[in-house]
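Here the structure comes first, spelled out in structure tokens, and everything after it is commentary.
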Amino acid sequence: MENSPSAPPHAPAPEGRRGRVLVVDDDPTVAEVVVGYLHRAGYAVERAGDGPAALERFAAARPDLVVLDLMLPAMDGFEVCRRMRAHGPVPVIMLTARGDEEDRILGLETGADDYVTKPFSPRELVLRVESVLRRAGAGTPAAEEARPLSGAGLCLDPVARSASRDGAGLALTLREFDLLAFLLRHPGRAFGREELMREVWGWDFGDLSTVTVHIRRLRGKVEQDPARPRLIRTVWGVGYRLDLPGDGEAGETGETAGATGAPESPEAPEAPEATRAIEASEAPEAPGTTDRTAGAARA
């Protein structure tokens, strides 16, 4: 097992010019490394060692993003994430010491915007933080991206970050909103999961099950019958397509009741259960990210 990299010197961050991050992890070594790298990247960072302390700091001063460990004493990361989300949207990157598929899926379904499995590269984590914050609206949308979007009873306002269906508000997470907005801008066009990850998440690497889970969650909020989706369709061998009334059928879709994954080739049929349709491959390391907190993983 490799030794955990020592935390880099805490170079003074210019008053957190890039935002405020709350790091929640009961492992002092992992927390120190993560805090150090985020400080060097220019973030103002607060630290909490358990769920109650995290909620207290969250309530005292709302951070721009939370890096949240899944395995916490007294209150696990799932519950902490739920309670934080109850007070309003906040980007969350979840850390887990286990590569269990169910844990990763549950983390995303709880509302996490991303997850990183230990052992991980601290530099990759910083890239994930930058990506999530950038997508959270670090700047003013361009004119094309700012225009209201509508179709099939759905209405999205990218500037106000509000969404509704048939006049009823939709409670969408950051990524769900961006994913639905992207699909509404390109109705009738099929996108692969790699393309959606690149266009919506801004990543050229990552676990494709992230896209799969968000599609499933989004269907649960915009479809009349999520088990038989009529708007967000699965396209065999390709990925997903948004169909709006009047678009017509753009080809064989191959949906099955409850299906949530898009096979990467026509020869790979969808599994009958949602979790079996999700690839459990680990996210590849970003170029140049060689140091890992290998010693931080727990059995």
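The values are calculated or read from the model by the stated rules, or taken from the named source; none is laboratory data. Only a predicted model underlies this, so the values are computations on that prediction, with no experimental measurement involved. Cβ coordinates were reconstructed from backbone atoms using ideal geometry, including for glycine residues, and neighbour counts include every protein chain displayed. SASA here: full protein model, heavy atoms, side chains in, ligands and nucleic acids out. Shrake-Rupley method; radii C 1.70, N 1.55, O 1.52, S 1.80 Å.
Quick notes
- Which listed residue is open to solvent by 30 Å² or more (accessible area, probe 1.4 Å), of a type in the set (D, E, K, R) and either touching a Pro at 6+ places or on another chain (Cβ under 7 Å) or modelled with pLDDT of 95 or more (or both), from Asp204, Asp157, Asp166: Asp157
- Among the candidates Val34, Val90, Val30, the residue that is open to solvent by less than 10 Å² (accessible area, probe 1.4 Å), at pLDDT below 90 and either under 14 Å from Leu125 (Cβ atoms) or of a type outside the set (Gly, Ala, Ser) (or both) is uniquely Val90.
- Taking the numbered list (1) farther than 21 Å from Ser131 by Cα; (2) part of a helix (DSSP H, G or I) in turn, Ala163 passes all entries but (2).
- Taking the stretch 172-186 as the range and being buried (at least 18 other Cβ atoms within 10 Å of the Cβ) and in contact (Cβ under 8 Å) with a residue 40 or more places away in the chain as the test, the residues that pass are Leu172, Thr173, Leu174, Arg175, Glu176, Asp178, Leu180, Leu183, Leu184.
- Within the stretch 39-69, the set of residues being of a type in the set (A, V, I, L, M, F, W, C) and either surrounded by fewer than 17 Cβ atoms within 10 Å (Cβ to Cβ) or out of contact with any helix residue (DSSP H, G or I) (no Cβ under 7 Å at 6 or more places or on another chain) (or both) comprises Ala44, Ala53, Ala59, Ala60, Ala61.
- Of the residues making up the stretch 58-77, those that are part of a helix (DSSP H, G or I) and more than 15 Å from Asp26 (Cα to Cα) are Phe58, Ala59, Ala60.
- Whichever residue in the stretch 183-224 is among the aromatic types (Phe, Trp, Tyr) and in a loop (DSSP other than H, G, I, E, B) and, among such residues, is farthest from Leu172 (Cα to Cα): Phe205
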